[in-house]
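Asks: Quick one: structure below, then a few questions.
The values are calculated or read from the model by the stated rules, or taken from the named source; none is laboratory data. Here the structure is a predicted model, which is why all the values come from computation and not from measurement. Virtual Cβ from ideal backbone geometry, glycine too; neighbours counted across all protein chains shown. All accessible areas refer to the heavy atoms of the entire protein, side chains included, with ligands and DNA or RNA removed. Shrake-Rupley method; radii C 1.70, N 1.55, O 1.52, S 1.80 Å.
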Amino acid sequence: MLRTFLDYHRATLAMKCEGLTDEMLRQQSMPPSTLSLLGLVRHMAEVERAFFRRVFEDNDAPMVWSDKIDFQAAYDASASTRAEAFGAWEAEVENSRRQQVAPPGPGVDRVRRSGGPGAGESGR
């Protein structure tokens, strides 16, 4: 069920970007927002890494777009390209999918017990 949910939203973002040039993907939505579709794709690469590598795998993976913990860096797509952003996102999605089919282990159960996503208010 989780994979279906994630794949639906991944496909929706990819569909919104189909046929657009790098310049069109970098276009910011509406001032004062600096959000662009390419920035959103970069952000999603960071989100996939944060949850599936850093949280579920308990891996100290570095950020995709920043040398320090700066989730805002992903949104700056001013010098980015479709190939760069989608390449990073697709690599992280593939890692996430491997996690979802991996044999039962600490993964999601550990996250729920430790207060991560799905833990609820009590952290249990």
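Asks: Let me check something: with ligands and nucleic acids excluded, how do Asp67, Asp22 order by accessible area (1.4 Å probe), largest to smallest? If you can, show how the numbers build up before the last one.
Replies: Working: Asp67 170, Asp22 50 Å².
Highest to lowest solvent-accessible surface, that is Asp67, Asp22.
Asks: What's the local net charge at Asp76, with K and R +1, D and E -1, over the other residues with C-beta under 11 Å away?
Replies: Here the charged neighbours net out to +1.
Asks: Which three lengths, in whole Å and largest first, does the range 1-79 cover when its Cα atoms are put on their principal axes?
Replies: 36, 33, 20
Asks: Taking 0.36 nm per residue of separation and subtracting the Cα-Cα distance, what length does fully extending Met30 through Asn59 add? Could the numbers behind the result be given before it?
Replies: Details: separation 29, 0.36 × 29 = 10.44 nm, distance 3.66 nm.
Full-extension gain reported as 6.8 nm.
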